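Here's the structure we're looking at; comments come further down.
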Amino acid sequence: MIANKTIKAVGYARRSTDMQERSIPDQQVYVERWAKERGYEIVRWYVDDAISGTSTKGRMAFERMIKTAENGRDFDVILCYDISRFSRGGTNETGYYLHRLGLAGVQAIFCAEGIPEGDEGELLQGVKSWQARQYSVKLSRDSIRGQHSCVTVRHSSMGGLAPYGYDRQYLSSDGHVVKTIRTLSDGRRQELGPDCRLIRHIAQKERMGHKLKSDIVRLVPSDPERIKVVRLIFDMCIKGLGFRAMVIELNRLGIPGPMGSLWNHASVKAILENPSYRGALAWNKRTYGKLHGINGDGMPRPKKVKEGTRNPKDRWILVENVHEPLISPEVFEKAHAAMAERREKGGIARPVDRYLLSGLVKCLRCGLNFHGTVIKHPPYGDGETRYYVDRGYRERGPTFCRSTSLPSKKLERWVLDQVRKTIFGDGAAEEAIDTVVQTLMKRTTAKTDNTATEKELAAVGNRLRTMVAMLADPDLGDVKEVKQSVVELSHKRDTLLAKLQKATTAKSQEMDEASLRAWATARFEELERVLANPESTLETRRIVRAYVDRIEVDPDAKVGTLYLPANAAALFGNTAIRGMEGASSSHS
């Protein structure tokens, strides 16, 4: 279009990344020359730099331009290098904004496209809009395939910060170290040379130079102090501490968080759930792409609706044994088992700040549990008393239940005394130990009596030899039943041999009566120590929950009933026997 008079216009320029060939200045030079030749005056520019065109969301300059065009505009035309700079959102999105501009009396011109006016131009514009969208779709799919191959074939880590306790090391295609990047607690990064000497500091917001496509990025252990912190977190988790308790302990010790701030729930959880610490390369934990997500097999998955950036674990791409682990796979699994136990028990496994009988005391009137609370004494003094109080009354008032408070110390001491009497009765400690030792001796003796197994094995051997002889007979060799019998007897013989071997191994691991008595005595003393301590430790709570089924309180009659399992008296012996069997196997 050749203008006869100067037409007021604005320019719009955009690029997706700072690596694109067609930079913002290149677009502006081309559009300004095109406008000058045709009589357009560009009053200002709207620029979105390093922002994807697949959606208008987040393109602040574009949104301001549309708003100005519809509200008190001082221009009649928008000049843009080509339609892909205006939008890669496809024919629907591009057409929507062009329609809004048309209603406002503003024309959009794509200078490098040469789109004619009229119906032909409208059709061509739709085709070019579709092509711009398909370019982004293809680029997205190709990028995902390339990244998946980089992770699974070349075992190279993707971009982003290294996990706390690791550095990112860049290797050339022939395996030589090029550089190592370490993130500091203040957000700056250190660039270390192949000899681990400091080359320079990189500011937090400063972009680094891009690596060669042939480079491989591996995670390597970082500062030894940070490695100690990672191992401390896993150790605390295995011991039963929850996220809150670990955060409190880390901050109490004055250990700086990953970015120099205080530790919090999210930073501790991120470390415990990251498989990188067991030596695995983890990819696709997050997805930032607008067009595609990634399935667990690495294939692109079109995004139909807006999704969060965090992916479920079944979509993670894991490659084991890629780099040096900071903790062993066994420690990693133990920590995850401890977290799973805490989730399943709803906090009962919490080792600190939990009442001993939480979850066990129930009100017969309202059916809700009692929970622990502290009642302070002012103005009568500075003291306080811990109680178990009726949750129904506390949360729903007197119309729902009666106010009932049970002093925690008295109730807990009484319960522990009942548990002790149930386990040991009224006799002396030696009697309880004798019972356990005698039971253990009977079980180990029964276990190692292999006479029956040996007799059965001899009988099976005789039958098997007879069947094999029958197969040698020309008249019986092809009988299907004979062949089947040989197979079944051979399988049974192998089973009996394995059973005998296992029993023989177990016999070699047996302990004599003196050792059993020493072990049972130590076990008894340990249990006595725990039951004598009314403090709510993780160890005490586990014992209480092993022997106490529930405690029912009737607030009207003001009485309570302690319910123990029907076999409570035998629980100590069974627990001791299981522990003894584990102890004997560990001494092999």
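Per-structure values
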{"quantity": "Residues within region 181-210 that are within 21 Å of Val229 (Cα to Cα) and assigned to a strand (DSSP E or B), tallied", "calculated": "5"}
{"quantity": "Filtered residue count, region 43-80, keeping only those that are touching a Phe, Trp or Tyr at 6+ places or on another chain (Cβ under 7 Å) and of a type in the set (S, T, N, Q)", "calculated": "1"}
{"quantity": "Tally, over region 284-299, of residues that are in contact (Cβ under 8 Å) with a residue 60 or more places away in the chain and either over 18 Å from Val153 (Cα atoms) or crowded, with 20+ Cβ neighbours inside 10 Å (or both)", "calculated": "5"}
{"quantity": "Matching option when the condition is surrounded by fewer than 12 Cβ atoms within 10 Å (Cβ to Cβ) and either under 30 Å from Gln418 (Cβ atoms) or modelled with pLDDT of 75 or more (or both), among Lys492, Lys558", "calculated": "Lys558"}
{"quantity": "Checklist (1) out of contact with any His (no Cβ under 7 Å at 6 or more places or on another chain); (2) modelled with pLDDT under 85 applied to Ala335, failing item", "calculated": "(2)"}
{"quantity": "Hits in region 163-195 (condition: over 30 Å from the mean Cα position of the chain (by Cα) and either of a type in the set (Ser, Thr, Tyr) or at pLDDT below 85 (or both))", "calculated": "Ser172, Ser173, Asp174, Gly175"}
{"quantity": "Single residue of Gly114, Gly146, Gly89, Gly126 found to be free of Cβ contacts under 8 Å to residues at least 40 places away in the same chain and either buried (at least 19 other Cβ atoms within 10 Å of the Cβ) or under 30 Å from His323 (Cβ atoms) (or both)", "calculated": "Gly146"}
{"quantity": "Answer from Val247, Val268 - the residue that is among the β-branched types (Val, Ile, Thr) and under 13 Å from the mean Cα position of the chain (by Cα)", "calculated": "Val268"}
{"quantity": "Flag if Val77 is out of contact with any Pro (no Cβ under 6 Å at 6 or more places or on another chain), crowded, with 18+ Cβ neighbours inside 10 Å and among the aliphatic types (A, V, I, L, M)", "calculated": "yes"}
{"quantity": "Filter result (more than 17 Å from Glu333 (Cβ to Cβ) and surrounded by fewer than 16 Cβ atoms within 10 Å (Cβ to Cβ)) within region 236-254", "calculated": "Arg244, Ile248, Asn251, Arg252, Leu253, Gly254"}
{"quantity": "Filter result (part of a helix (DSSP H, G or I), touching a Gly at 6+ places or on another chain (Cβ under 6 Å) and modelled with pLDDT of 75 or more) within region 90-139", "calculated": "Thr91"}
{"quantity": "Region 48-75, residues that are over 24 Å from Gly289 (Cβ atoms) and outside any helix (DSSP H, G or I)", "calculated": "Asn71, Gly72, Arg73, Asp74, Phe75"}
{"quantity": "Residue match in region 155-169 (condition: on the phi < 0 side of the Ramachandran plot, in contact with a Gly (Cβ under 7 Å, 6 or more places away or on another chain), outside any strand (DSSP E or B) and touching a residue at least 12 places away in the same chain (Cβ under 8 Å))", "calculated": "no"}
{"quantity": "Output for region 518-555, where each listed residue is within 37 Å of the chain's Cα centre (by Cα), of a type outside the set (A, V, I, L, M, F, W, C) and modelled with pLDDT of 80 or more", "calculated": "Asp549, Arg550"}
{"quantity": "Unique residue being surrounded by 14 or more Cβ atoms within 10 Å (Cβ to Cβ), at pLDDT 80 or above and touching a Leu at 6+ places or on another chain (Cβ under 8 Å) when the list is Val415, Val482, Val460, Val437", "calculated": "Val415"}
{"quantity": "Criterion violated by Gly95 - all others in (1) under 27 Å from Gln134 (Cβ atoms); (2) buried (at least 16 other Cβ atoms within 10 Å of the Cβ); (3) in contact with a strand residue (DSSP E or B) (Cβ under 8 Å, 6 or more places away or on another chain) satisfied", "calculated": "(3)"}
{"quantity": "Only listed residue being surrounded by 14 or more Cβ atoms within 10 Å (Cβ to Cβ), hydrophobic (A, V, I, L, M, F, W, C) and at pLDDT below 90, chosen from Ile216, Ile327, Ile227, Ile233", "calculated": "Ile216"}
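The values are calculated or read from the model by the stated rules, or taken from the named source; none is laboratory data. This structure is a prediction, so every number in the text was calculated from the model and none was measured. Note that we place each Cβ from the backbone using ideal geometry, even for glycine, and neighbour counts take in every protein chain shown.
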